[in-house]
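The values are calculated or read from the model by the stated rules, or taken from the named source; none is laboratory data. Predicted model only: the values in this text are computed from it and were never measured. In this analysis, Cβ positions are derived from the backbone assuming ideal geometry, glycine residues included, and neighbour counts consider all displayed protein chains. Accessible surface is based on the protein model in full, side chains and every heavy atom, while ligands, DNA and RNA are left aside. Shrake-Rupley method; radii C 1.70, N 1.55, O 1.52, S 1.80 Å.
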Amino acid sequence: MTVLPEHERSNPYSAYGAHGSVLVMNSGSSSLKYQLVNPVGGEAIAAGTIERIGESNGVIKHRFAGNTTTREEPVADHAEALRIALSLFDDVGPRLADANVYAVGHRVVHGGATFSRPVLVNDDVERQILELAPLAPLHNPANVTGISVARELLPDVPHVAVFDTAFFSSLPEAASTYALEKETAKKYGVRRYGFHGTSHHYVSGKVARVLGRRLQDLNIIVLHLGNGASASAVRGGVAVDTSMGLTPLEGLVMGTRTGDIDPAVIFHLARNANMSIDELDDLFNKRSGIKGLAGENDFRALHELIAAGDEDARLALDVYIHRLRKYIGAYMAVLGRIDVIAFTAGVGENDDIVRAQVVEGLAGLGIAVDPERNAVRSKEPRVISPDWTSTLVMVVPTMEELAIARLSVEIVEETEKAGRPVTFPPAAPTAGAATGAAEPEAAPDAQGPAEPEATPES
């Protein structure tokens, strides 16, 4: 799968050869999500989910050619889940043997300070990802399980780990460092890592391509608003700040997470409510945020409650919007000027009420949305601000699977170009692979086929 010279590309924006696909996998603690992606055209050829792994009633869905195959049956473990997925490709389509799978790209939540870009997977990489489990105890062990099983069942294809944290490895020390006693912070890896990096990377690059501008010339605030939510400040394609920190708990108010909160609340509840660490973890991550304030974290239901006069729901949305506006103001100061504010992910792409309220009253700063443009429902990236604003406001659907697929292709091709044969497992990553520059920008998207769905938030 070679890189074609510009004049030989049927699509001048495509950096990859005309053949091959990438199988993108996201292995959770009790689920497996996968997509077979065309890294050139950008479309999801097929996709599926296997949920409730290890329970008595597993749910299996496989989508191909406009049809969805659904089954309910026990799925013992991730090995069986992947075997089921591979059998569905054979039975329902498309056959992976015919799809010319060039690589398997694995979403990994936490790369710590070890991985600043995607890497080819081998035994050492698996071990290092697992060693980072204290930083992401719910995610990294499940990610490694999926990688290990996939390498066993698909041994003749290179496997690439793509890290949620990698895009934010470029953060300046002033942004990534907490004012915690430095020896303790260093010993236990306490710093700002950031998450949703693949989405922030993709969206910031997509903004430049849609506008026909050089990414290096743009200052962009990306607002990834899903059940998990994060903001980033991106200068010239390089992340200089982000809202999530050591874990995905910090920052914006989210569906079930507190976001920013006085850390002394933990001490207060431990001393006065006799809450354990596990109880506090559950409270902050699963029973707070919009759901904790309003009893509902689906924004469609939240708007219905507000329309019916529910004051708790109104307050929940007000708190959510207030936090977003604070981060926009903070990142204006960090960047010096804002060329684009880009909304993405489930809420960001679909909730015109949230978008309008976030920028309400900011016209004096050159930020506003046009009501008619904002009300449009579309899967296409678009500008929703009026023509007079100095800062463009955009809606840019995220495509994390496509970004993972393209980054996987780039890493494999980079290895081939370096003159080192791709072996299975490949040679252990060098120090440069762990500490290298920010990821290369994903290749521009072709126009045409439907785009893959967004990967669920961490």
On a full-extension model of 0.36 nm per residue, what is the gain between LYS61 and ALA97, subtracting their alpha-carbon distance, rounded to one decimal in nm? 10.9 nm
Suppose all protein chains stay in the model; what accessible area per residue would a 1.4 Å probe give for the stretch 86-202, in Å²? 41
Dipole check, the chain, charges on Cβ (K,R +1; D,E -1), about Cα centroid: among GLY111, SER204, ALA85 the Cα furthest to the positive pole belongs to SER204
Where the Cα atoms of the stretch 130-190 are projected onto their three principal axes, how long is each span, largest first, in whole Å? 46, 21, 15
Which sequence of ARG300, ARG406, ARG192 reflects their accessible areas, 1.4 Å probe, from the largest down? ARG300, ARG192, ARG406
P(r) over all Cα-Cα pairs of the chain, 20 Å bins from 0 to the longest distance, whole percent per bin, short to long, reads 24, 59, 17, 0
The relative contact order of the stretch 297-377, taking Cα pairs under 8 Å that sit 6 or more residues apart, comes to a percentage of 23
With 31 Å as the limit, write out which pairs from LYS286/LYS326; LYS186/LYS291; LYS291/LYS326; LYS187/LYS286 have Cα-Cα distances beyond it, or answer none. LYS186/LYS291
Long-range Cα-Cα pairs in the stretch 77-164 (distance over 20 Å), rounded percent: 36
Treating only the Cβ atoms of Lys and Arg (+1) and Asp and Glu (-1) as charged, compute the dipole magnitude of the chain about its Cα centre; round to the nearest 20 debye. 780
Quick one: work out the % antiparallel among DSSP beta bridges in the chain, nearest 5. 70
Rounded to a whole number, what % of the accessible area of the stretch 308-408 do carbon and sulfur atoms account for, probe 1.4 Å? 53
Taking every eigenvalue of the Cα gyration tensor of the stretch 262-409, multiplying by 5 and rooting it, what semi-axes result, largest first, whole Å? 31, 20, 18
Taking the Cα centre of the stretch 229-311 as the origin, how large is its charge dipole in debye, to the nearest 20, when only Lys and Arg (+1) and Asp and Glu (-1) carry charge on their Cβ atoms? 180
Take the alpha carbon atoms of the stretch 203-299, find their radius of gyration, then divide it by 2.2 N^0.38 Å using N residues; give the quotient. 1.37
